[in-house]
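The values are calculated or read from the model by the stated rules, or taken from the named source; none is laboratory data. The structure presented is a predicted model; accordingly, all values stated were derived computationally and were not measured. Don't worry about glycine lacking a Cβ; one is built from the backbone with ideal geometry, like all the others, and counts go over all protein chains shown. These accessible areas exclude ligands, DNA and RNA; they are computed on the full protein's heavy atoms, side chains included. Shrake-Rupley method; radii C 1.70, N 1.55, O 1.52, S 1.80 Å.
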Amino acid sequence: MSTTSHSTLAQARIAVLGYGSQGRAHALNLRDSGLDVVVGLRKGGPSWEKARAEGFNVAEPADAVRGADLVAVLTPDMVQPALYHESIEPNIKPGAALLFAHGFNVHFKQIEPRADIDVILVAPKGPGALVRREYEIGRGVPCIWAVHQDVSGQAEAKAKAYADGIGGGRALLIKTDFKEETETDLFGEQAVLCGGASSLVQAGFETLVEAGYQPEIAYYEVLHELKLIVDLFYEGGIARMLEFVSETAQYGDYVSGPRVIDAGTKERMKAVLTDIQDGTFARNWIAEHKAGLPNYKRFKQADLEHPIEQVGAKLRARMPWLQAGAAKPAAEPLKKVG
Ligand code: NAD
Ligand code: MG
């Protein structure tokens, strides 16, 4: 790796707890960066065989933690407090580092880490599959990092070395703190990325279909083509999107965008942010998880049964090149959208 901080973990044993979206990507990237990785999982759990098949030394969480200099907690947020109390707290070495990819449990005090360990955060700004894919092609996903507790005097170096090890150093590293990462991450996924975007798409689809247009055409207009727009945002911001869409699409954007997303929307976004900041969201989510996810399951079922999912499944079956790993059609020059 390019940066000097990488050597901080050169002799370290890293325990990666969890082998899901982030855990698998981190474990593979760290190993390919030449670092010593053990994966900690429940024996008989869903990922145990997968991690072994991919060549990892796999151990029960407590055993993985025992010999580790850095413990990356990459299980679902809601199971982390029990995992911490049962497997990490009694076993982590003094002076070792406890690393999170999201600050939720530390910020909302669901985990109060032992005073004799470093507590750090490295949060890739992308899903695990992208963290792995970018690494494999020699690039990385930007990461934000933070130090909550530094007993070794090396906490910052460890966070940067870990970020380097997963490929983030090839992209961009930004310093944050646990509060900022937790609150902005929750806000982004709720208001814009997962919540905002899927609600916008569903409402657009419903509007067209209720007005009598074909669902297949509505699907392409409000869901499929969104990728082309988001790719332009990603490459060059709103300016690049405006460069590539027609004059007519631009005029429509200027006069109709603010009619749909208006000052009322922003007021409600502020209310969402307030619930995150004052702990209301965290309290509700923890209670929902403890109750066995009754509302979560109901909401998820409604999303999966939305008519856009039925028409989408049929259309995607006729576009096999969209599936990851399938051969792509010859690249065509980017056409204008709108
Ligand atoms: P995930 O649900 O994809 O994977 C969880 C893994 O933990 C699985 O391998 C599962 O078998 C294992 N697991 C579950 N319970 C366990 C237990 N009690 N003991 C040991 N292993 C257990 O999780 P994820 O989405 O990768 O999230 C991990 C962390 O990364 C979270 O803190 C999340 O907020 C953060 N994060 C996720 C993303 C993302 O895109 N998914 C992005 C940034 C940060
Ligand atoms: Mg998140």
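Annotations
- Some residue of the stretch 4-21 being within 16 Å of ligand 2 (Cβ to nearest atom), assigned to a helix (DSSP H, G or I), under 18 Å from Cys143 (Cα atoms) and open to solvent by 10 Å² or more (accessible area, probe 1.4 Å): yes
Residue-by-condition table, conditions (1) touching a residue at least 24 places away in the same chain (Cβ under 8 Å); (2) farther than 26 Å from Glu180 by Cβ; (3) open to solvent by less than 30 Å² (accessible area, probe 1.4 Å):
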position: Glu49; (1), (2), (3): no, yes, no
position: Asp77; (1), (2), (3): yes, no, no
position: Gln80; (1), (2), (3): yes, no, yes
position: Glu86; (1), (2), (3): yes, yes, no
position: Lys93; (1), (2), (3): yes, yes, no
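- Helices (runs of 4 or more DSSP H) completely within the stretch 45-117 that count 1 or more residues being under 19 Å from Asn29 (Cα atoms): 48-53, 61-66
- Residues being among the small types (Gly, Ala, Ser), in a loop (DSSP other than H, G, I, E, B) and free of Cβ contacts under 8 Å to residues at least 24 places away in the same chain - total across the stretch 210-252: 2
- Scan of the stretch 283-298 for residues that are assigned to a helix (DSSP H, G or I) and not aromatic (Phe, Trp, Tyr), ordered by number: Arg283, Asn284, Ile286, Ala287, Glu288, His289, Lys290, Pro294, Asn295, Lys297, Arg298
- Residues in the stretch 80-137 that are of a type in the set (Phe, Trp, Tyr) and either more than 13 Å from ligand 2 (Cβ to nearest atom) or within 21 Å of Arg13 (Cβ to Cβ) (or both): Tyr84, Phe100, Phe108, Tyr135.
- Residue within the stretch 189-205 that is in contact with a strand residue (DSSP E or B) (Cβ under 9 Å, 6 or more places away or on another chain), of a type outside the set (S, T, N, Q) and modelled with pLDDT of 95 or more present: no
- Among the residues of the stretch 128-170, those identified as open to solvent by 10 Å² or more (accessible area, probe 1.4 Å), charged (D, E, K, R) and assigned to a helix (DSSP H, G or I) are Arg132, Arg133, Glu134, Glu136, Glu156, Lys158, Lys160, Arg170.
- Within the stretch 162-210, if we keep just the residues that are charged (D, E, K, R) and within 15 Å of the chain's Cα centre (by Cα), the residue that is nearest to ligand 1 (Cβ to nearest atom) turns out to be Asp185.
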